[in-house]
Amino acid sequence: MNGTSHAVIGSATGFIVAHTVQSTPTETLVCVGLGAVSGLMPDLDIDGKLRGKITLPHQMIQLSAQVIGILMVLYSFFEKTAVERWMGVGIGILILFIASLIKQKHMLTITGITVLMGGLSVEERWIILLGIYIMIASFTSHRSYTHSILGVVFFGIIAADLENSLGIQGVYYTCIGGYISHLIADLKIFPFNKRGVKLFLPLSSKEL
C-alpha cells in the first residue's frame, strides 16, 4: 500500500478517536494530523513520503560541513603553537573528508541524531525516544522492526509521553491506532501486497 493510503487511513483513525472522546475542533485537527503522521511512521525505513518531508537535502548538510571544515583549517593557522595549529588543520581536513561521504541515505540518521539532541536540550522524553526511533529506522531493512510488535510497543511509549506532554485526550489512541493501521494494511492477506510484515521479530522472521 502506498503512503497516501496509509496517511488517509491514519487520519480517519484520528478522526474516529477524536469523535469518540468528544474532542474540540482544534483537538480533532490535532488528532487527524497525528493519525496521518503515525500511519506513515513505519515506512521511515524506506524513502517514502514522511522520510522525504523530515530530512533536508544531503547537499545542504554536505555544504555546511564543508564550510565548517574550511573555516576550521583557516582558523587553525592563527593558533599560537604548532601542535594546536596542525591539530586544527587535521580536524578540518577530517570534517571535509566526512562531508564528502554524506549521501541522501545518511540524512535520516542525521535527522534522528538532531531530534535526539533537541529532546535532550528541552528534556522531553517523547522527543528523545522519537530521535532514537528515527535512528533505528534509518538502519533497518524495509518491513522489519518498524513493522513489528516491538515497533508498536516502542511507538506506543512515545505516544503515551506525547499525550501527557500535550494534555490532549485521545492522542495516545490516535497515534497507536494510526501506527497499527499501517501494519494491518501491509499484511500479506490483502491481494495488493506482494510482501507481508514480520510482526514477531526477532523471535520469528515469517511474513504475515
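Throughout, read-outs are computed from the coordinates displayed, never taken from laboratory work. Quick caveat: nothing in here was measured; it's all calculated off a predicted structure. Note that we place each Cβ from the backbone using ideal geometry, even for glycine, and neighbour counts take in every protein chain shown.
Can you find, among Tyr145, Asn193, Val8, the residue farthest towards the positive end of the dipole of the chain? Put +1 on the C-beta of Lys and Arg, -1 on that of Asp and Glu. Among Tyr145, Asn193, Val8, the one farthest towards the positive end of the dipole of the chain is Asn193. When each of Glu123, Glu207 is scored by the number of other beta-carbon atoms lying within 10 Å, the sequence from fewest to most is Glu123, Glu207.
In a fully extended conformation the segment linking Val21 and Leu94 would gain 20.8 nm over its present Cα-Cα distance, using 0.36 nm per residue.
Classify segment 108-208 as rounded, prolate or oblate, taking a ≥ b ≥ c as the square roots of the eigenvalues of its Cα gyration tensor: rounded when a/c is under 1.5, otherwise prolate if a/b is larger than b/c and oblate if not. In terms of gyration-tensor shape, oblate. Each of Val115, Val8 has some number of other Cβ atoms within 10 Å of its Cβ, and from fewest to most they run Val8, Val115.
Here percent of Cα pairs over 29 Å apart was computed from the coordinates, and among [x] 37; [y] 28; [z] 40 the match is [x]. Think of each Lys and Arg Cβ as +1 and each Asp and Glu Cβ as -1; about the Cα centre, that makes the dipole of the chain roughly 680 debye.
Over the chain, dividing the summed -39,500 (n - 2.57) contributions of all DSSP H runs of at least 4 residues by the number of residues returns a 222 nm mean residue ellipticity of -23000 deg cm²/dmol.
Evaluate the charge dipole of segment 145-208 about its Cα centre and quote only its size in Debye, nearest 20, assuming +1 on the Cβ of each Lys and Arg and -1 on the Cβ of each Asp and Glu. Intermediate values should be presented prior to the final figure.
Details: 5 positive and 4 negative charges, 84 e Å.
For segment 145-208, the charge dipole is close to 400 debye.
With R₀ set to 25 Å, the beta-carbon distance separating Ile113 from Leu166 gives a calculated FRET efficiency near 0.55. Report, in whole Å, the centroid distance computed from the Cα atoms of segment 103-141 and segment 147-208. Comparing the Cα centres of segment 103-141 and segment 147-208, I get a distance of 18 Å. In terms of packing, defined here as the mean over residues of other Cβ atoms within 10 angstrom, the peptides 149-155, 162-168, 35-41 line up highest first as 35-41, 149-155, 162-168.
Once the Cα-Cα distance is subtracted from the 0.36 nm per residue extended length, the Trp86 to Glu207 segment shows a gain of 38.1 nm. Note on the chain: with a GNM built from Cα contacts shorter than 10 Å, the maximum mean-square fluctuation among Arg125, Arg195, Arg85 falls on Arg85. Each of Met135, Leu203, Thr174 was placed along the dipole of the chain (beta-carbon charges, centred on the mean Cα), and the one lying farthest toward the positive end is Leu203. Here the Gaussian network model covers the chain, with springs between Cα atoms less than 10 Å apart; of Leu94, Leu187, Leu130, Leu94 fluctuates the most.
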